[in-house]
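Since the structure comes first, as C-alpha cells, the remarks are kept for the end.
Read-outs throughout are calculated quantities, based only on the coordinates presented, and are distinct from any laboratory measurement. Predicted, not measured: the structure shown is a model, and the values here were computed from it. No Cβ is skipped: glycine too gets one built from the backbone with ideal geometry, and neighbour counts run over all protein chains shown.
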Amino acid sequence: MTLTYTNGELTLHGHKLTDIAKKYGTPLFVYDEVMIRNQCRRFHTALKESGLSYTISYASKAFSAIQLFNLMTEEKMGLDVVSEGELYTALQSSVSPDTIHFHGNNKTDREIRYAIESGVEYFVIDSLSEIERLDELATKKVKALLRINPGVEAHTHEFIQTGQEDSKFGLSIQKGLALEGVRKIEKAKNIEFMGVHFHIGSQIFESTGTVATIEQVITWLSDNHIQAQVLNIGGGFGIKYTDEDVSYPIEEGIKIITDTLKSACHAVGYPVPAISLEPGRSIVGEAGVTLYEVGTVKEIPDTNYYVSIDGGMSDHIRTALYGATYELLLANREEEHDKLMTVAGKLCESGDIIRRDIKLPSSIHRGDLLVVLSTGAYHYSMSSNYNQMLKPAVVFVTPEEVRLVVKRQTLEHLIAQDIR
Ligand SMILES: *Cc1c(COP(=O)(O)O)cnc(C)c1O
C-alpha cells in the first residue's frame with residue numbers, strides 16, 4: 001500500500017491516519033481496498049493472458065470478514081475454507097456456494113454434511129479415510145480434488161525436493177498413497193474425481209519449486225492414466241514485509257507457471273487441465289497495516305530502549321510465532337529514524353514483541369501513532385483475546401471513504417460465553 005507523508009503526516013488515499021485513528025480508536029487494522037482489488041485483478045490478468053481455463057480462490061484464513069468476501073465476489077474470486085466457521089462466515093456474504101472449496105486434513109462429519117448441504121463447488125480430500133467418510137455422507141454426487149504431497153517443500157527463496165514427505169497434509173506420490181487415493185475415489189459411488197491439488201509452502205518468491213512440482217505431477221498423472229480436469233497449485237505467493245523483501249512477481253511468475261503447465265502437458269500428450277490458484281497472503285497482506293498508540297517508553301542504559309504500544313501478540317502474533325520482521329513508521333510526524341529501539345506489545349509475555357532493533361525517531365513519546373506495515377494477512381485472523389484484550393476494529397479505505405468493516409470487540413464480548 002502506498003502511504004505518503006503529506007504535510008508531515010502519513011496519509012492513505014488522502015485520508016490522514018491520525019484522523020482515522022481518532023475516529024475508530026487503536027489498535028486498528030486499516031486496509032487499502034484499492035490495493036486488495038488490484039491484487040485480485042493482477043492474478044486475473046496474468047491467468048487470462050495464458051489462455052488456459054482457470055479459477056482463483058482467495059484463501060480465507062488470511063483474513064475472514066463478510067465485507068472482504070463481498071469484495072471477492074465482485075472481483076470474481078472464489079473462496080477456500082477449512083472449517084465450519086469459515087464456511088459459515090462465507091455463506092453470510094455474497095460469495096456463491098458453488099465457488100467455495102472445502103479444505104482440511106481433518107474434516108469432521110458435521111463439517112462434511114454442512115459443506116454438502118451448502119452446495120460447495122468441491123472438496124479437497126486430504127486422506128484415504130476421508131474418501132470413505134465423504135462417500136458415505138454424500139447423498140448425491142459431490143465433486144472432489146485429491147490433495148497430493150509431491151514431496152516438495154518451498155519456503156522463501158529455496159525449495160527442497162522430497163523435503164516434506166513427513167506432513168499432515170496430502171497423500172504422498174512417492175509412497176504410492178496418492179495413486180491409492182485416486183483409485184479409491186474413482187471407485188466411490190458418490191464422489192466425482194475432478195483433479196489434484198498441491199500447496200508446497202507459503203511466502204514463496206520464486207517459481208522454481210512450483211515449476212518442478214507441476215512437471216512431476218503431470219508426468220505422474222500421465223504415467224498412471226489419471227484424467228485431471230483441474231490442477232490446483234495452491235497459494236503461497238510471497239509478499240514484502242521488510243525493505244529487503246521483493247514481493248512475488250505475479251505477472252512473470254504466473255506466465256512461467258502456465259507456460260510450464262502447457263509444455264509439460266504437450267511433452268507427454270496430456271490434455272491441459274484447468275489451473276486453479278489459492279492466493280491468501282498476496283491478496284491482503286501488503287494491503288493492510290496496524291495502527292497503534294505509543295504508551296510507555298523505557299530506556300535501560302547501555303542495553304535497550306523499549307517503546308510499548310497499546311496492542312501486542314493478541315493482534316500481532318507472527319513475530320512471537322515465527323520471528324517475523326516488520327517495518328514501522330511514525331504516522332503523526334515525519335522525522336529521521338535516528339535511534340535503535342525495540343517496539344513491544346503490552347501483554348504479559350517477554351516474547352510479546354512487534355519488532356526488535358529497529359531505527360525510529362528518537363523523539364517518539366506517549367500519544368504518538370505508530371504504523372506497522374504489511375499486517376493484512378494472518379493478523380486479524382490469528383488475533384486472540386489473550387489477557388482479555390479486545391480484538392481491534394477493521395476499516396477499509398478508498399479515495400472516497402473510510403468505512404468500518406469489523407467493529408472493535410467490547411468488554412461484553414469477553415464474558416459472553418461465561419456462565420455466571
Ligand atoms: C494457507 C493456504 C493457502 C494460502 O497461502 P498464502 O500463503 O496465504 O497464499 C492456499 N492453499 C492452502 C491449501 C493453504 O493451506
Fill in: Relative contact order [Cα under 8 Å, 6+ residues apart], the chain, whole percent
19 percent
Practice prompt. Could you tell me how many degrees, from 0 to 90 and to the nearest 10, lie between the Cα long axis of helix 109-118 and the main elongation axis, the longest principal axis, of the Cα atoms of the chain?
Written response: 90 degrees
Discussion item. Residue by residue through segment 316-333, what is 3J(HN,Hα) from phi via Karplus (6.51 cos²θ - 1.76 cosθ + 1.60, θ = phi - 60°)? Round to whole Hz and write x for glycine and proline.
Written reply: 8, 9, 5, 5, 5, 7, 10, x, 5, 10, 10, 8, 10, 9, 8, 8, 9, 7
Item to complete: Please build a GNM for the chain, connecting alpha carbons under 10 Å apart, and tell me which residue among Glu286, Glu206, Glu74 fluctuates the most.
Response: Glu74
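With a cut-off of 8 Å between alpha carbons and a minimum separation of six or more residues, what is the relative contact order of segment 51-283 in percent?
19 percent.
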Fill in: J(HN,Hα) series, segment 137-143, from Karplus relation 6.51 cos²θ - 1.76 cosθ + 1.60, nearest Hz, glycine and proline x
7, 6, 9, 9, 4, 10, 8
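What does the charge dipole of segment 51-283 about its Cα centre add up to, to the nearest 20 debye, if the Cβ of each Lys and Arg holds +1 and the Cβ of each Asp and Glu holds -1?
Working: 20 positive and 32 negative charges, 145 e Å.
Dipole magnitude for segment 51-283 comes out near 700 debye.
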Worksheet item: Amide H of Ala393: which non-local residues (sequence gap of 5 or more, or other chain) have their own amide H closer than 5 Å, using H built in the peptide plane?
Response: Phe29, Arg408
Worksheet item: Under 15 Å from a point 7 Å along the Cα-to-Cβ line of Asn190: which residues of segment 89-129 have their amide N that close?
Response: 108-120, 123
Response to the item:
Connecting every pair of Cα atoms under 10 Å apart in the chain and solving the GNM, the largest mean-square fluctuation among Cys40, Cys348, Cys265 falls on Cys348
Worksheet item: When the Karplus curve 6.51 cos²θ - 1.76 cosθ + 1.60 is applied with θ = phi - 60°, which whole-Hz ³J(HN,Hα) does each residue of segment 178-191 get, with x for Gly and Pro?
Response: 5, 5, 4, x, 4, 4, 5, 5, 4, 7, 5, 5, 10, 10
Worksheet item: Cα to Cα, under 16 Å, and not fewer than 8 places away if on the same chain: which lysines meet these conditions relative to Lys407?
Response: Lys22, Lys23, Lys391
Worksheet item: Once amide H atoms are placed 1.01 Å from N in the peptide plane, what residues at a sequence separation of 5 or more from Tyr378, or on another chain, have their amide H within under 5 Å of its amide H?
Response: Phe63
Worksheet, complete the sentence: Rounded to the nearest Å, the spacing of the alpha-carbon centers of segment 17-67 and segment 375-395 is 17 Å
Worksheet, complete the sentence: Most exposed to least, judged by fewest other Cβ atoms within 10 Å, Glu401, Glu111 sort to Glu401, Glu111
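What net charge is computed for the residues neighbouring Ile100, neighbours being all others with C-beta under 11 Å from the C-beta of Ile100, Lys and Arg scored +1, Asp and Glu -1? Please report the intermediate quantities before stating the final value.
Numbers: positive: none; negative: Asp80, Glu86, Asp98, Glu121.
So the surrounding residues net to -4.
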Worksheet item: Between the helical axis of 33-50 and the dominant principal axis of the chain, each derived from Cα atoms, what acute angle in degrees is found, rounded to the nearest 10?
Response: 30 degrees
Worksheet item: Using modelled backbone amide H atoms (1.01 Å from N, in-plane), which distant-in-sequence or interchain residues come within less than 5 Å of Glu327's amide H?
Response: Leu373
Worksheet item: Charges only on Cβ, +1 for Lys and Arg, -1 for Asp and Glu: so what's the dipole of the chain about the Cα centre, in debye to the nearest 20?
Response: 880 debye
Worksheet item: So for segment 51-283, taking the charge dipole from beta-carbon charges (+1 Lys/Arg, -1 Asp/Glu), which of Gln227, Cys265, Ser276 sits furthest toward the positive end?
Response: Gln227
Worksheet item: When the chain is modelled as a GNM with alpha-carbon springs shorter than 10 Å, which of Val34, Val268, Val95 fluctuates the most?
Response: Val268
Worksheet item: Put +1 on the Cβ of each Lys and Arg and -1 on the Cβ of each Asp and Glu in segment 51-283; which of Gln92, Leu145, Ala188 then has its Cα farthest toward the positive end of the dipole?
Response: Ala188
Worksheet entry | Principal-axis tilt of helix 250-268 within the chain, Cα atoms, nearest 10 degrees | 10 degrees
Response to the item:
Computed for segment 1-71: size of charge dipole around the Cα centre, +1 on C-beta of each Lys and Arg, -1 on C-beta of each Asp and Glu, debye to nearest 20, value 120 debye
